[in-house]
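All remarks here apply to the structure that follows.
The values are calculated or read from the model by the stated rules, or taken from the named source; none is laboratory data. Owing to the predicted nature of the structure, the values given are computational and were not obtained by experimental measurement. For neighbour counting, all protein chains shown are included, and Cβ atoms are generated from backbone atoms with ideal geometry for every residue, glycine included.
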Amino acid sequence: MEKQVMEYLSGNEIAAIAIKQIGYDLMGYYPITPSTQIAENLDVMRANGETDLVMVAAEGEHSAAGICYGASVAGGRVINATSANGLLYALEQFPVQSGTRYPMVMNVVCRTVSGPLSIKGDHSDIMYLLNAGWPILFAATVQQVYDFNIIALKLSEAVRLPVVVAYDGFFTSHQKGRCFRFEEDKTVRDFIGEKKEKYPFLDLENPITVGSYMNEPDIINNRYQLHLAMEEADKLLPELFAAYEKISGRSYGKVDGTGCQDAEDVLFLLGSSYDTSIDVVEEMRKTGKKVGAATLHVLRPFPAKEIGTFLLKAKNILVADRQDSYGAGGGNLSLEVRAAMQKSGRDVKIKSLVYGLGGKDFFREDVKKMLEWLKDDSKPDFAYYGITAGEITMEDERPLFAPVIREKTKICATKVEETEQTLKVTGATPNAVTAMPARIAPGHGACPGCGIPVNLNLLLRGIEEPVVFLFQTGCAMIVTTAYPKTSFRVPYLHNLFQNGAATLSGVAEICYRKQEKGEIPKGDIIFIMVSGDGGMDIGMGSALGTALRGHRLLIFEYDNGGYMNTGYQLSYSTPLGARSSTSHVGSRQYGKTFFHKDMPGIMAATGIPYVATVAESNPTDFMKKAAKAAYYAKTEGTAYVKAISACPLNWNDKPATERKVIEAAVNSCYFPLYEVEHGVTKLSYDPEKTGKKIPVIDWLSMMGRTKHLKKPEYAHVVARMQQEIDARFAAIKKKAE
């Protein structure tokens, strides 16, 4: 055995250590709970000079998978980590990687697939990968997360297939446990060995083509070769497990279990639930009951023969699935265990239970109840375990509060008149709009000082027409719609980051069609998509497509400068130099390394009729622009409004001073207030003319996330930022003039 050090860490923390010790070249990633901590921990190591890993923060998981694919083709050792809908968003990239036979490793921290949205752990995501051509190792413990990450890369390069290491989100990923790691990085690297490429892509003297177009019979031959590679992985895994045992002292097989040598009644589980079952099974065996518990360390290639041999004495098996293959009478694990036992020729009674969806806890008493279910002939062969059906009554269907309908919004607080190419708005003052009914109820779960409710209410104060909302995933959605309550008194829909604008365009088009056919009353309805928390990174493609098509709707972005709903990772709107959980400050890193994205400029380039920036520090300007945006959204096409939105928790400042912080962002010209109406730019507020312009460092100094930039060693970063801000503001002024 090689020297090892005991640690007390979570699965995500030990995964990051394994990745660092392996010495990967590149990580392409996108933050998604609960896998994000892997990238966060690696960024800390990178900032402190503990690793030279190249970390590329993509604008979405699909691009992250593409970055990883390109890096692996180029000969790099590549790592990725994702979860749930992030995995699904990138899904089409995974067969590309396996079909062209380029190795890499991806940690899948298993989580519930939306919708409805849930961030808790089950296995509904990993089962989508069963047909992608990737070997899948499944870790039940923190220790196995470390060990399997090391074994996975050696397997990947040996058979030239990308490999997944999967483990349970929030159970294995976040709960800390005792584990051992190798003291020297060299031990890990010696075990894996040097990477050898038979056909280097970057050998310009011998150029190769990757990813050719294929017809039959070539494609079936390609798939057959992939099949052979998976069979090779099946044969190689026992050798790798044995070799790893020699240096670690830890023994693994494809199948594991407790009490299975003579067990007649076996509970079959995947992941962290197996650990819960071990003590219960051992206690029951002491009373003379022939029970056992089994799990898999290898999900692909599926160890059918090993399962049949391992459960040699079993007469009754209950397979518990943290996922359902809807309509198939069981989840994927139970279906495959059934097939394995049938192939073994054994007469075994098998039952299936779907349990633990959405991260529902699994306790010791659940182990006993499941084993009792297995023995009870009156129980069905397939069922859901742990559901609470409830009863629906008319009382349950009553609305939480009176809705805000068309008649209640027409109070004439604002008036919009068309004058040639521009609009004139009157009446949009704080006093005039006090009678406007609140479309969002007072109850929500936002942090004190959060700018989202403030900005939403200011937006709606300027819009008299009835509204229909679509919220992309983000803090605004999470704090207002915690089931079974809602904060909305108007129609509301949620969809994921990457597809909100397209979804709302579908809603709008059907509404207009139904109005034309007389199926619903005619009248002005403003369709509003609300996005933020980085939603205009992963969702930019959808937003641009919607704008280019010219759907009549309003896109409202609250820019809080990061992926705040997942713990503040950097987004493309995060300021240069800002500290975040994926842009740490250390001896080798000063925070985010590239400039914030000019989303208003990008949207204006699509030629939509109206683009505007707004801030709560200038409320009258905010409401007038909201009124204009609504007018264009109902008459001409897509309108876009962007507000700078405070986040005291992650900006690391005081909730009571946020208005001043926002004002400083405007006065520093970091967030200039202007509008682009039919291609004509108008500067709404010029701090230079009012004598209120301040250096950007004055604004940065007001927030803990950027306060470090005051230090002399970061003067060059501030100078770069000031130069960029001045250039952008000068360009806006020139257009306005």
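Things to note:
- Test: Phe497 is closer than 20 Å to Gly534 by Cβ, modelled with pLDDT under 95 and of a type in the set (A, V, I, L, M, F, W, C): yes
- Selection within region 176-208 - touching a strand residue (DSSP E or B) at 6+ places or on another chain (Cβ under 9 Å) and surrounded by 13 or more Cβ atoms within 10 Å (Cβ to Cβ): Lys176, Gly177, Cys179, Phe180, Arg181, Phe182, Thr187, Val188, Phe191
- Within region 174-187, the residues that satisfy the criterion of being over 30 Å from the mean Cα position of the chain (by Cα) and under 25 Å from Val108 (Cβ atoms) are Phe182, Asp185.
- Condition check for Met703 on (1) in contact with an Asp or Glu (Cβ under 8 Å, 6 or more places away or on another chain); (2) outside any loop (DSSP other than H, G, I, E, B); (3) crowded, with 19+ Cβ neighbours inside 10 Å: one failure, at (2).
- Any hit, region 552-572, residues being crowded, with 18+ Cβ neighbours inside 10 Å, modelled with pLDDT of 95 or more and among the acidic types (Asp, Glu): yes
- Residues in region 627-641 that are surrounded by fewer than 24 Cβ atoms within 10 Å (Cβ to Cβ) and either among the polar types (S, T, N, Q) or part of a strand (DSSP E or B) (or both): 1 in all.
- Among residues of region 573-583 being in contact with an Asp or Glu (Cβ under 8 Å, 6 or more places away or on another chain) and crowded, with 22+ Cβ neighbours inside 10 Å, the one that is nearest to Ser645 (Cα to Cα) is Ser573.
- Residues located in region 680-737, provided they are farther than 26 Å from Val611 by Cα, without any contact (Cβ under 8 Å) to a residue 12 or more places away in the chain and of a type in the set (A, V, I, L, M): Ala715, Ala719
- When we screen Ile150, Ile192, Ile220 for residues that are farther than 26 Å from Val109 by Cα, assigned by TED's automatic domain parsing to the domain that holds Ala132 and either of a type in the set (A, V, I, L, M, F, W, C) or free of Cβ contacts under 8 Å to residues at least 40 places away in the same chain (or both), the only hit is Ile220.
- Helices (runs of 4 or more DSSP H) fully within region 483-594 that include at least 1 residues being among the charged types (D, E, K, R) and under 27 Å from Phe622 (Cβ atoms): 535-538.
- Scope region 706-737; condition buried (at least 17 other Cβ atoms within 10 Å of the Cβ) and in contact with a Phe, Trp or Tyr (Cβ under 6 Å, 6 or more places away or on another chain); matching residues: Tyr714, Val717, Ile725, Ile732
- Residue among Ala646, Ala664 that alone is out of contact with any Leu (no Cβ under 8 Å at 6 or more places or on another chain), at pLDDT 95 or above, among the aliphatic types (A, V, I, L, M) and under 14 Å from Asp559 (Cα atoms): Ala646
- Residue pairs whose Cβ atoms lie under 8 Å apart, separated by 6 or more positions or on different chains, with the first residue in region 202-213 and of a type in the set (S, T, N, Q) and the second assigned to a loop (DSSP other than H, G, I, E, B), are Asn206/Tyr199; Asn206/Pro200.
- Residue match in region 544-566 (condition: of a type in the set (S, T, N, Q) and free of Cβ contacts under 8 Å to residues at least 24 places away in the same chain): no
- Of all residues in region 498-515, those that are closer than 20 Å to Ala543 by Cβ have Cβ atoms under 8 Å from Cβ atoms of residues that are assigned to a helix (DSSP H, G or I) and among the aromatic types (Phe, Trp, Tyr), 6 or more apart or on another chain, in Gln498/Tyr89.
- Some residue of region 108-128 being in contact with a helix residue (DSSP H, G or I) (Cβ under 9 Å, 6 or more places away or on another chain), among the aliphatic types (A, V, I, L, M) and in a helix (DSSP H, G or I): yes
- The set of residues from region 131-146 being over 22 Å from Arg181 (Cα atoms), more than 22 Å from the chain's Cα centre (by Cα) and surrounded by 22 or more Cβ atoms within 10 Å (Cβ to Cβ) comprises just one member, Pro135.
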